[in-house]
1. At a probe size of 1.4 Å, how large is the accessible area of C:Tyr137, to the nearest 10 Å²?
2. What does the accessible area per residue of the stretch A:65-272 come to in Å², with a 1.4 Å probe and no ligands, DNA or RNA counted?
3. Once whole DSSP H runs in chain C are found, which of them have Cα atoms spread over 20 Å or more along the helix axis and a mean Kyte-Doolittle score of at least 1.0?
4. How long is the stretch B:83-147 along each principal axis, judged by its Cα atoms, biggest number first, in Å?
5. For the stretch A:65-272, give the percent of accessible area contributed by carbon and sulfur heavy atoms, probe 1.4 Å, rounded to a whole number.
6. What percentage of the solvent-accessible surface of chain B, computed with a 1.4 Å probe over protein heavy atoms, is contributed by carbon and sulfur atoms?
7. May I ask you to derive the relative contact order of chain A, considering only C-alpha pairs under 8 Å and at least 6 residues apart, and to give it as an integer percent?
8. Tell me the carbon and sulfur percent of the accessible area for chain C, rounded to whole percent, probe radius 1.4 Å.
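The values are calculated or read from the model by the stated rules, or taken from the named source; none is laboratory data. These numbers were taken from a predicted model, which means no experiment stands behind them. As a convention, Cβ positions derive from the backbone with ideal geometry for all residues, glycine included, and neighbour counts pool all protein chains shown. SASA here: full protein model, heavy atoms, side chains in, ligands and nucleic acids out. Shrake-Rupley method; radii C 1.70, N 1.55, O 1.52, S 1.80 Å.
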Amino acid sequence: MTTRRGSRVERLDRAVLALVAGTALLFLSVPILIVVPMSFSSASTLAFPPPGFSVRWYRSFFGDPAWLNAAGNSMIVALSSSVSALVFGSLAAYGLVRGSFRGKALIEGNFVAPLIVPPVVKAVALYIVFAQLALLRTYTGLIVSHTILCVPYVVLLMSVAIRSSDIRIEQIAYSLGASWLFMFRKVLLPNLWPSGLAAWILAFIVSFDEIILTFFLFGYRDTIPKRMFVLLEQKVDPTITVIATMLIVLSAMTLVVVALLVRKAGLLASRAS
Amino acid sequence: MRFSRRAVGMTCTLVAAAIVVAVGIGSAQEMAKRFVFGSPGGVSTEANQEIFWKPFTARTGIEIIAEVPSSFGKLRAMVQSGKVTASLWDLGTLQLEQAKALDLIEPIDWDQISPGPMFPEMRQQYGFGQTYFSTVMAWRADVKAPQSWQDFWNVKDFPGKRSLSNFPAYTLPIAALADGVPPDKLYPLDLDRAFRSLDRIKPSVSVWWTTGAQPGQLLVDNEVQYANAWNGRVATLWEQGVRHNFNQGLLDIAWWVVPKGAPPAEKRAAMLFLHEWSDPAKQAEYAKRVYYTGSSPSLAALLPKDKLHMFPTTPENKAKQILANGRWWFENADLVEKRWQAWKLGQ
Amino acid sequence: MTTGARRAGGEVGRLPPGSAPDGGLARPPRRSTGFVFVLPLLLVMGVCFNVPIVLMLAWSVKNPTLTPRHYQEFFATSVYLKVFWNTVRIALVTTAVCVPLGYPLAYWIRFLPAGRRLVALALVVLPFWVSILVRTYAWIVLLGNAGLVNRMLLRLGVIESPLGILYNELGVIIGTVNVLLPFFVLPLLASMARIDDRLLQAAASLGASARTIFWRVFFPLTVPAVSAGAILVFILTLGFYVTPAILGGGRVTMIANMLDLLINQLPDWELAATISTVLLVVVLSCYSMSRWLRNRAV
């Protein structure tokens, strides 16, 4: 039961909350609001608002096999790196949180270190070693390096998630005779999938956006950001806005599909019960 | 006749040795079918590929693979790792000196290239001069045109925001020139005088540009009204209202070097390619696209007459400029950089 | 805070889940259990990260024999220390802006009805896809002297000459916060989603006001995620180079820009290795300390 005074305070609180949240959301959306219209701009440099409508930059992107090649490479590398980072990192996070062995703090620090070592130092260090291992200019080499880059995000996120997930449910499952795999499917996965998804998204984008390691390790192959960075050195080309727009559209479509799937699964579940 | 076993043995050994030597000599003279070229990427590399690489590959069948981008750190890492894959690498004047000091490059095989006539400063033991480029003054067409760096520094008569390069090598000399240092006495650079001169222009500098595309873009967007810039980048923006001239410009050379430990067969292929670059007709094509001129003295005659003022090394423009002193910059790089950063942090 | 949670838990109902004393393994403890989970990653990182980095950092004591000279040079040169301190300061400011901006956003999204929650979530995630390069250039279009914001303010007569919101530290912080806010919000949201609604309903049914429910029940449960997110944002800002390079206008030199100079331009790999080592030691110590504090609190 809330008093009238309480409800007025509550309404004020809620209003302030909505205001701050809305401001933050608007601030976050600024890039989309600017970049998408600019991709349809007729101007030859970045200008907002765009002076006229044109699809010349879309034509410039799709007509250039170098861009499409770069896009393909980016996708391959980012998908592989983010998935392997998720797998390795989640397992490691589980071991760190649930396990008991010596040197935990050291190992965890080791897993987080790639975040701290500055990018150009990582690039040079990995270059020299990868040259010996013949991993330069290969997809494998880049994927391994990106995996290492993304693992800290996964470890950090999943550690928090696992730590706050009730261990007693796992204990109960074990005491009822479940195998680890069964426990994973029925207990951990349902509990941890939001954090896992967030971790995977972060890892994917970190890998997709990565520039310096790719510069050093990928040789003459291109990824989208690598090509963008080199091009921006010479002139500011609105083609980059086209890439951003298409990624946004792709991601929006994926979100819609996922949302529909989740809703469908929810409906199925309720129908089953 | 019966051959003793010893005789047979010796003959076989001699034959085997002869085969090995023949193959050895053969492979030593062998030329690879490809080589790797460290290039900065972007417009100049694309022009390079179209005008020089493609005809070369069509003629000789030797494939050229671009390794982009070509930073100095990458070159050093490559040589350090012991697995050198590139035969040519793009470097600036200061970096050329640094590479020599760190023992990262091999001498150019000029005999193998046997180039056509080149300006003497483009032929170095360790560097092949590819093009000239200049750091020049640029401005918007709708503001008053400066004729000297002193004008550029004069914010009263030439009002507007400035953008200067964040690389001290392209900004400190013009600061000294703006203070009245005569061009022939520019090097060794009087750092105190240059930094004092920068103090005067500091309040009007909006942006210290770090990429080649920035100053032109800033001028087009009317973010600043005056800037120093690399001539090629602003020459292509003429139609968008950006003007420049070569008065008191800083003339510099972009080099190609051979990383130390490059595969010999590929290096030979690379030297063969470099011969293409001494062709004035092709240099003229290249210059028309990116406004950077090659090394041939007969190039100026082939450039479009109505645009002669846009190229760095026409006789008229070359006379107005000062050639960069790579040696001085190399010897003082560390000191200058520290002082430069300290000066900027003080602002 | 966690002690507060315990008290709150005692007042309102059950202990929040997951606060088992040591989070230990479900099975009866043996020596070195759980190591097998950590091993694969450790091996991969050992070969492909630890070895290269140690070799690189060894440059800081090399040249050619063991010498502390580079460390002496680093600590004696005020320029490097200033850059170091500036970077830390910018990282602190960015974190200090992200937390009060991101927490309300995450909280508000968490309590939205499902349909609107998805839209809001989309608005948080979609800008992620705008590469940091493109985003940075978008800010130039927006905040420059001839940019949208200044043009509008000038036309409305609010200001007389363009505001200097770009090509300085302010511009860098705006750009950095814009990039890192989702890094803070998403994990926080995931953690908030795990908090059982029934806990909050139980508190309400016992007569707690909305504010009490928040501060005594909800907030303490989110503290681990907040601190993890804050640490992440802080560490990431330390390593930024694209945003300060483009939005700083040459005025904002952060550690990563300095290192790029030292490795690609000067080049002084020994000093670069020195600075990296110092950075690594400082940040890892702060990180371990924060973890030690957290383990003590639990």
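1. Rounded to the nearest 10, the figure is 20 Å².
2. On the way: 7690 Å² over 208 residues.
Using a 1.4 Å probe on heavy atoms only, each residue of the stretch A:65-272 averages 37 Å².
3. Numbers: long enough: C:78-110 (47 Å, 0.95); C:169-193 (35 Å, 1.89); C:219-238 (28 Å, 2.10); C:269-297 (41 Å, 0.76).
Span-like helices in chain C: C:169-193, C:219-238.
4. The Cα atoms of the stretch B:83-147 stretch 52, 30, 20 Å along their principal axes.
5. Details: 5600 of 7690 Å².
Carbon-and-sulfur percentage of accessible area, whole number: 73.
6. Details: 8010 of 14180 Å².
About 57 percent, which is the carbon plus sulfur part of the accessible surface.
7. Working: 260 pairs, mean separation 77.1, N = 273.
This gives 28 percent for chain A.
8. Numbers: 8750 of 12990 Å².
Of the solvent-accessible surface of chain C, carbon and sulfur hold 67 percent.
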